[in-house]
Amino acid sequence: MATALLCLMIFCNTFSIGAFGPLLPEIARAQRLADWQLGVLAGAFGFARVVLDIPAGRLAGRRLGATLVAAPVFLVAGVLLLGSAGPITILTLGRFLIGVGHALGMVGGLTALLERGEGAAFRLNTFEFAGMLGILGGVSAVGLLPEAWNWNRSFLVVCSPQLVILALLPVFWRRFSTRDAPARPEARGPVEGEDGATWPPIVTGMFVVGTIIAFAWASVSQFLMPLRGTREFGLDRAGNSWMLAIPQVVDLVVLLPVGYLADRLGRRAVLGAVCLALGAGTFFVGVGPFPLFVLGSALFGLGLAGWMLPVGVLREHTPLHALGRRTGLYRVGVDAGIFLGPLVSGLLGEVGAGYFVGLIGVVTLVAGARLLWR
């Protein structure tokens, strides 16, 4: 029941993420925004998550119910502000509040799932499957809505599933507020972090890999792919929606099998393989011609199936009492990538962003090769 509720939450929450990408070129035109302003707007989502991740981790470790109940409230407020089509400051504030809601929901959801221990990779990938399904729903819905609708009307309509979670807030409160904070056992091992838990090198490695994946995802799907599709390849709103849907569909197809294999073959080996796919896809999307652009989007989706694998490795090396804090710290690195990816891309402009994304692809390839080698 708990896993089903969390999957429903992340499914409804991520419609707003899916809707933003294909509408980005229209936001630029309608609001008369320069590329650097688009980068700031897109990056505000990740910046909010960077700021909130550690407090959210601490709150989730003590008040899981309050964390999960607060998440949709902030998210709905952000959707309404962004959908107001106001000046750039209001739009950025709305995007920031959406990030706050996602930080609370993601850290709270991961903490609740990781506390259950065995089979974590499959549960995490089920959670991720629901989130990717929501992103695909947002992307697809934008492509199906009438082209004559302005961007903010389309955005508000696509984000309406969030109202379901608002209606279920009493259920979330009853289910998750009764869990007592776990007792703090004595930590074992020679190296300890501030949370009293051992901190082996593999934990640092997973922080780095998670950040690289986040850089790739945010730079491609939240900035470069829709802009390059519109300006270089002449795609309209529907075309961008279907192009952004390709990685989501591929991700959904392979996500659960990847989680199944990771639980049986080892998370690090599977993570290395999907990083190779993600690196190649990111490189093709950044600098490739249209055929490689399309192929890259499919490989990009295959790579995104490994999004939750670093969290599963962290779970193997983290005691129960430290899960909330360490999950929050991990999300700081991931969300720093989500913040800086679009921001740096916007400052570089569309052409410079292509080379920047290509470089991210090369780094991801190196990370995947290193994981497989080790």
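Using the beta-carbon distance between ARG62 and VAL171 and R0 = 25 Å, what value does 1/(1 + (r/R0)^6) give for FRET efficiency, to the nearest 0.05? The computed FRET efficiency comes out at 0.75.
Model label points for THR204 and ARG374, set 7 angstrom from Cα along the Cα-to-Cβ axis, are 1.0 nm apart. The peptide list 264-274, 9-19, put in order of mean Cβ contacts within 10 Å with the highest first, becomes 9-19, 264-274. Taking a point 7 Å out from the Cα of VAL294 in the direction of its Cβ, none of the residues of the stretch 126-141 has a backbone N less than 14 Å from it.
A Gaussian network model of the chain, with springs between Cα atoms under 10 Å, assigns the largest mean-square fluctuation among GLY229, GLY61, GLY86 to GLY86. So for the chain, Kirkwood radius off the Cα pairs, Stokes-Einstein at 20 °C and 1.002 mPa s: how many µm² s⁻¹? So the translational diffusion coefficient is about 106 µm²/s. On the basis of the beta-carbon distance and an R0 of 35 Å, GLU232 and VAL253 show a calculated FRET efficiency of 0.80. Fully extending the segment from GLU316 to ARG264, taken as 0.36 nm per residue of separation minus the present Cα-Cα distance, adds 17.3 nm.
When you count the other C-beta atoms within 10 angstrom of each residue and take the mean per peptide, 278-286, 331-339, 237-245 line up highest first as 278-286, 331-339, 237-245.
Rounded to the nearest 20 debye, the dipole size of the chain about its Cα centre is 520 debye, using +1 on the Cβ of Lys and Arg and -1 on the Cβ of Asp and Glu.
Shown here is the pair-distance distribution of the stretch 287-374: with all Cα-Cα distances grouped in 5 Å bins from zero up to the longest one, the shares run 3, 11, 15, 22, 20, 14, 9, 5, 2, 0 percent.
Label zone of ALA30 (point 7 Å out along Cα→Cβ, amide N under 16 Å): in the stretch 51-87 this covers 79-87.
Taken together, the values in this text are just the output of simple stated rules run on the coordinates, not laboratory data. Keep in mind that what you see is a predicted model, and the values were worked out from it rather than measured. Every residue, glycine as well, gets a Cβ built from its backbone with ideal geometry; the counts of neighbours run over all protein chains shown.
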